[in-house]
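Asks: Just passing along the structure, written as structure tokens.
The values are calculated or read from the model by the stated rules, or taken from the named source; none is laboratory data. Source: prediction; values computed, not measured. Because the Cβ atoms are built from the backbone with ideal geometry, glycine has one as well, and the counts that use them run over all protein chains shown.
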Amino acid sequence: MAINTDKNSYTIFFAIAMVVVVGSLLAFTASTLRPNIDENKRMEKQQNILYAMGINANEGSGDINFISTDKVAEAFTNNVLEQIVLEVKDGNVLKEFSRDEFMNSKAQGAGKEPYLIDVKKEQTKAKNGESRFLPLFKGSQNGKTVYVAAVRGKGLWDAIWGYIALDESMVVQGAFFDHAGETPGLGANIKQRYFMDDFKGEKLLTEEGVFKGIKVAKGNNDPVNNDKDDYEVDALAGATITGDGVSAMIKNDLKLYLPYFKNLKNNNN
Amino acid sequence: MGLLSKKDSKLITDPLADNNPITIQVLGICSALAITAELKASLVMGIAVLFVLGIGNVVISLMRNIIPSKIRIIVQLIVVAALVIIVDQVLKAFAYDLSKTLSVFIGLIITNCIIMGRFEAFALANKPWQSFLDGIGNALGYAVILIIVGFFRELLGSGTLFGVPVLGDPIEKTGVYAFGYENNGFMLMPPMALIIVGLIIWVQRSRNKDLIED
């Protein structure tokens, strides 16, 4: 092959050809695989919410195991009794939607299930001074009603998010955390069961009903987390910033649900 | 080995020891420090690089006569990025759990200097089959070091291997912890990876004096 690869015209031709070929290849792959990927993501959200409620396929004390993908749709229908959407602005609940109301309201396009609300987009809306939607999932755990709230924040490298199951007085009944790109062995351990399990039983509110949050604390001398009244869980070694991110996300996002829970309590009394 | 000529088999065995990409060429150090706190992550990264480097080397080698030398680095970057993204998308569609495990590594693979280094130093000047062997050899050499470092960091830092406790329970004080042993949290920090890599380099050079530069 005797092509003069040093000529400028050839270089430009090659660059254009390469961009076209690679670009169409990537576009083709992305568009053909999109339905499959979306479906996987949808099932993952259901699995995550169910996990926070305590519905999972965990065995012994090892890794986290979600309920399998072929059973997740059924489990979600059976266990999530109600999907609620709260429209909030500046700490006030403007409106409360039921699932049907939300799906008919065209607030986010007709027929959008509340569990598919994009928390990231809602956070941006709140930052711009608009009202935002908060999804909340009502279920039952050992005969007790639990409410699963969605949280999202920043870790060291990328986004972290999770679902927290609370009872009526905002005591944590279960937690699930995930991350986009934390360091394996360090920050990525927020997805480990021992870390999530530590949150069970922790309180978010003081006796007087003031929101305090849960701190991921270093050296709190309580590694197995026997003390459930200290508003602290034991931090992960070598993952200070990810841990701080978890504390911040719990503090900022769960606080938004506070008016709803206060209301709930007042109605019950 | 009947399948490979002597020269070809050297392409695989050399990077495992005397021309190791990490300890001799000092490439790919960034990922060696970042993800070796766990043995499992080391293994996954090793396999991912094996795959990308093997195929990438072949692709670059096939294109070696038509790539304009002025923009060859960008072309190499595009090839590896496209390859990694396509694999990532396919995994997301058909093996979602696996893609979740790998998600952290995607960026690390694209920026891994070993990949660009082998494209530049070998695949651009050699035939596809030799390039493939060179890619496999270097990826294996990389994986071996990662696994050694991951083994020591996870064992001494967390007392586990592949997430399974092997030294007893540090909280209940069983196994070696009953004798006052403690996990060394410092092993989980990236600097310890550098120190372990340094120790490997030391051992290797003290056994083979030819490797010592003046």
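Asks: Which pairs do you get when a residue that is over 19 Å from A:V80 (Cα atoms), found in region A:118-142, comes within reach of a residue that is in a helix (DSSP H, G or I) and of a type in the set (S, T, Y), reach meaning Cβ atoms under 7 angstrom, with the pair 6+ apart or on two chains?
Replies: Hits for this filter: zero, empty list.
Asks: With the condition kept exactly as written, say whether any residue in region A:36-45 is over 21 Å from the mean Cα position of the chain (by Cα), within 14 Å of another protein chain (Cβ to nearest Cβ) and of a type in the set (V, I, T).
Replies: No, there is no match, as no residue in region A:36-45 is over 21 Å from the mean Cα position of the chain (by Cα), within 14 Å of another protein chain (Cβ to nearest Cβ) and of a type in the set (V, I, T).
Asks: If you check B:V164 against the conditions, is it closer than 30 Å to A:L25 by Cβ, of a type outside the set (D, E, K, R) and modelled with pLDDT under 90? Please lay out each step first, then the result.
Replies: On the way: closer than 30 Å to A:L25 by Cβ: no; of a type outside the set (D, E, K, R): yes; modelled with pLDDT under 90: yes.
In short, no.
Asks: Those residues that are within 25 Å of A:D230 (Cβ to Cβ), modelled with pLDDT under 90 and outside any strand (DSSP E or B), I need them from region A:124-166; list them, please.
Replies: Correct list: A:N142 only.
Asks: Let me ask another. Does region B:140-153 contain any residue that is over 22 Å from B:G56 (Cα atoms) and free of Cβ contacts under 8 Å to residues at least 60 places away in the same chain? Before you say what the answer is, go through the steps one by one.
Replies: At the first step, the residues of region B:140-153 found to be over 22 Å from B:G56 (Cα atoms) are B:147-153.
Narrowing the set further to residues that are free of Cβ contacts under 8 Å to residues at least 60 places away in the same chain leaves B:148, B:152.
Yes, because at least one residue in region B:140-153 is over 22 Å from B:G56 (Cα atoms) and free of Cβ contacts under 8 Å to residues at least 60 places away in the same chain.
Asks: Within region B:141-154, identify whether any single residue is at pLDDT below 90, surrounded by fewer than 20 Cβ atoms within 10 Å (Cβ to Cβ), among the β-branched types (V, I, T) and outside any loop (DSSP other than H, G, I, E, B), and answer yes or no.
Replies: no
Asks: Here is a further query. Of the conditions (1) assigned to a helix (DSSP H, G or I); (2) surrounded by fewer than 17 Cβ atoms within 10 Å (Cβ to Cβ); (3) within 11 Å of chain A (Cβ to nearest Cβ); (4) more than 18 Å from the chain's Cα centre (by Cα), B:N65 clears all except one; give me its number.
Replies: Failing condition for B:N65: (1).
Asks: Let me ask something else about it. Output the residues belonging to region A:19-78 that are basic (K, R) and under 24 Å from A:M196 (Cβ atoms).
Replies: A:K41, A:R42, A:K45, A:K71
Asks: Residue check: is B:V49 part of a helix (DSSP H, G or I), more than 14 Å from chain A (Cβ to nearest Cβ), under 15 Å from A:P184 (Cβ atoms) and in contact with a Gly (Cβ under 9 Å, 6 or more places away or on another chain)?
Replies: Values: part of a helix (DSSP H, G or I): yes; more than 14 Å from chain A (Cβ to nearest Cβ): yes; under 15 Å from A:P184 (Cβ atoms): yes; in contact with a Gly (Cβ under 9 Å, 6 or more places away or on another chain): yes.
Taking the combined requirement at face value, the residue satisfies it.
Asks: While we're looking at this one, here's another question. Taking region A:224-246 on its own, how many of its residues are assigned to a loop (DSSP other than H, G, I, E, B) and in contact (Cβ under 8 Å) with a residue 60 or more places away in the chain? Full working, then the answer.
Replies: Step one: list which residues in region A:224-246 are assigned to a loop (DSSP other than H, G, I, E, B), which gives A:224-231, A:235-239.
The next check asks that each one be in contact (Cβ under 8 Å) with a residue 60 or more places away in the chain; those that pass are A:239.
Summing the residues that are assigned to a loop (DSSP other than H, G, I, E, B) and in contact (Cβ under 8 Å) with a residue 60 or more places away in the chain in region A:224-246 gives 1.
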